[in-house]
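Data block below; observations after.
Every number in this text was worked out from the coordinates using simple rules, so none of it is lab data. Being a predicted model, the structure only gives us computed values, none of them experimental. Heads up, the Cβs are rebuilt from the backbone with ideal geometry, glycines too, and the neighbour counts pull from every protein chain shown.
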Amino acid sequence: MSTSVSATSGTKSKSKSRLGFVDRLTNLPKLVKILLWVLLALFLYALPLLEPPLLSTPGTDFGGVLFTVTIYCLVALGLNIVVGYAGLLDLGYVGFYAIGAYTVAILTSFHANWPFLLAVPVAVVATMVSGVLLGAPTLRVRGDYLAIVTLGFGEIIRLAAVNTEWLGDARGISKIDRPPSIELFEIPHLFWEGGTPLLDPDDTTVFLEFGVLDQIPYYWLGLTVVILMLIADRLIKDSRVGRAWEATREDEDAAELMGVPTFRFKLLAFSTGAFVGGLAGALYASRQSFINPLSFLLLFSILFLAAVVVGGQGNRWGVLVGAFLVAYLPERFRDFSEFRVLVFGLALMVLAIFRPEGLLPPRRTLRAKQAGQELAAAEEGDHGEETRVRV
Amino acid sequence: MNFSFLFNNFAELTVTGLAFGAVYALIALGYTMVYGVLQLINFAHSEVFMYGTFATLWMTITLVGSGNPGGLQTFGIMAAALLAAMVVSGAIALMLEKFAYRPLIKRNAPRLIALISAIGASFVLAELMGVRDDVAGWFGLRETLDDYVGGARVNQSMPNIVQNRTLFAIGEYNIRMVDVIVILSAILMMVGLDQFVRRSKTGRGIRATAQDPETAALMGVNSTRVIQMTFLLGGLMAGVAAFLYMLKIETTKFDVGFLLGIKAFTAAVLGGIGNLRGALVGGLVLGVVENWGSALFGGEWRHVVAFVLLVVILLFRPTGILGESLGKART
């Protein structure tokens, strides 16, 4: 009896101390908090210039890898709205990504000569429209049927691009416009000799020159978009719309009875997700300056979904961590090229088995799980007492 | 739109479509049974099939050697290859259940994470086959292996054991032996499985668990055994599918399962997932319509036709052609 009490109190104090760190952070004065956020953002912006020894990727351009990470972060935030908030399993998210990329490609290079900044809004609107067009008939289908329909949609988009000459067929589209450059000043990179950082005057990045070689300005652009997305995501999640999505996800019938027009909100989630996916695709196309259907394989849909679920669906920081892992790890360990996917698959299985709620599950899930455990513990306790009485 | 081609070759297109459809249907059984019992999309089932194709390939190459087998010998080789494919696929399916699903089912994990685990398992299985040669190289076995078959990363073809002769002709259309074998054996297996699930005691356990797992457990059904059985049956059927696929297509590769898996899952959903007869109907319909579509619009639109068919059918019959019913099946 006494041991069981001490054990439970032990776990409680442990969980308290774990929460303690977060609590202490949230209890800091607002000014300090803002300062911390700004510092974090500055560090992230400076990351490709610092090229920290363990983090940077040997063999591939670190700036380029970081740009890929931001694209995955953006996609994961978008897919999180669909999968995490609204609970709609979308296995064809790469379709939206492709529509965004192809719209930009067609407007800036293949069939017209628009500047990049004008093409992006059109691309995003086109993706949203496609999201509504796909969602309107299919969102009435429930659960796993939606998964296979969206999977089919992603493949149709890709195959249509492969087989249509107007979309550049299998050869793809090249010479996609880059964002406009404003060349202001040069920033030198660091390089590391042993443990000491040194300034490298020969290796510099021109502030906001979107060129061919240096990928860092694209990373800055991507990071800015991700930060804006995070703010928007927070506003949406805490609004009436976000609550409606959660209610729909938890129990569609109950939400409908409570007066939530679930179908309309599901459609909204779908098109919002499509919006973000299209934006990510547009950025990607502009950085690559060349796209072909191979950039939009079904595999990417699966990787995007893996980022969201592994990170912790429904928690925006969790999906960012997931996106980072999915995008960064394969690049970092390029040396094992032959075994890369094998290790990735193993990692997915291990993560799934040991962290079924994701790496950073949303607090709501944690609370629900804790409540469930307490309930189970209480029930077991009753049983234990019963048996003891009987003995 | 090439209507004349479609009409001139209608019978032949239909029969080859049915043969493809039969393979889809057999793979679809694995998806549909696991879905019926666990409500999970068994994403790694495509790799179970892939291992079956390699088992067929190795067995045939080993047995045929350099000789040219005659009538009865061919039959023996086919039987051995079929057996090998079924054993390997069944074993892989059981391992899949043990390592990728059981730990999650025990913890009552969210359903989406089981999908991720299955995706991980699918990568692992496909890549294990892909890196086979590198690993063999570490032990100096690469040359020995190459005597039989080269790396799994490129297409490997198998010796032609069923001569592609015409069996009979309908009008002026030639119906080939392979197609007939594929369609007939697939239908035979499906009927056998259907009867097994309907009539045997194990089958009743499977249906009971699909219908209501808790009540079934209370009634003394061992749910772990039922789940194992479901995976095993799905694996065996995938093995048969792999054998028939190798008879018809004759080449395989480490990632052959991916597209076929998606098609088979589409077939399962088309017929009504969780419904065994639905898998047969869905597979055959998908194979035939796909073949007609590719004749009509050109081969490159083949997969688009398949997915558009799926979307259209789901719009009008949201639970598939026959509806979901593994649990509701009455004898």
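Considering the Cα positions of region B:3-316, please state its Rg to one decimal place and its Dmax as a whole number of Å.
Values for region B:3-316 (Cα only, Rg and Dmax): 19.9, 61 Å.
Sorted from largest down, what three extents in whole angstroms do the Cα atoms of the protein assembly as shown have along their principal axes?
Extents along the principal axes: 84, 82, 61 Å.
What helices does chain B have that are whole DSSP H segments, at least 18 Å long along their own axis by Cα, and with mean Kyte-Doolittle hydropathy of 0.0 or more?
Membrane-span-like by this criterion, though nothing is claimed about a membrane: B:10-38, B:45-64, B:71-96, B:111-130, B:177-199, B:223-249, B:256-271, B:276-297, B:302-316.
I need the helices of chain A that pass two filters: whole DSSP H segments spanning 18 Å or more by Cα along the axis, and mean Kyte-Doolittle score no lower than -1.0.
A:2-27, A:30-50, A:62-79, A:93-105, A:116-138, A:144-163, A:216-237, A:262-288, A:298-311, A:316-332, A:340-354
Would you please report the Å³ per residue occupied by the convex hull of the alpha carbon atoms in region B:191-256?
98 Å³
Rg and Dmax of chain A, Cα atoms, in Å?
23.7, 86
Against the empirical 2.2 N^0.38 Å scaling, what ratio does the C-alpha Rg of region A:241-284 come to?
Relative to the 2.2 N^0.38 Å estimate, region A:241-284 comes out at 1.39.
Once the Cα gyration tensor of region A:212-362 is found, what semi-axes does its equivalent ellipsoid get, as square roots of 5 times the eigenvalues, in whole Å, sorted largest first?
30, 21, 14
Project the alpha carbons of region B:200-331 onto their principal axes and report the range along each, largest first, in whole Å.
The principal-axis extents, from largest down, are 55, 36, 22 Å.
Which whole-number percent gives the relative contact order of region A:43-357, counting Cα pairs below 8 Å spaced six or more residues apart?
34 percent
Any idea what the relative contact order of chain B is, in percent, if you count C-alpha pairs under 8 Å spaced at least 6 apart?
37 percent
Over all Cα pairs of region A:60-216, how is the pair count split among 5 Å bins, expressed in % and running from 0 up to the last occupied bin?
2, 8, 12, 16, 16, 14, 11, 8, 6, 4, 2, 1
Rank B:M50, B:M189, B:M219 by mean-square fluctuation in a GNM of chain B with C-alpha springs under 10 angstrom and give only the top-ranked residue.
Among B:M50, B:M189, B:M219, the largest mean-square fluctuation in the Gaussian network model of chain B belongs to B:M219.
Tell me what chain B gives for mean residue ellipticity at 222 nm when only DSSP H runs of n ≥ 4 count, each as -39,500 (n - 2.57), the sum divided by the residue total, rounded to 500 deg cm²/dmol.
Helices in chain B give a 222 nm mean residue ellipticity of -24000 deg cm²/dmol.
Eigenvalues of the Cα gyration tensor times 5, then square-rooted: what semi-axes does that give for region B:1-98, in whole angstrom, largest first?
Ellipsoid semi-axes (Å, largest first): 28, 27, 10.
Which whole number gives the average count of other chain Cβ atoms within 10 Å of the Cβ atoms across peptide B:302-311?
What the average comes to for B:302-311 is 5.
Could you tell me the relative contact order of region A:128-275? Use alpha-carbon pairs under 8 Å, at least six residues apart, and round to a whole percent.
Contact order relative to length: 25 percent.
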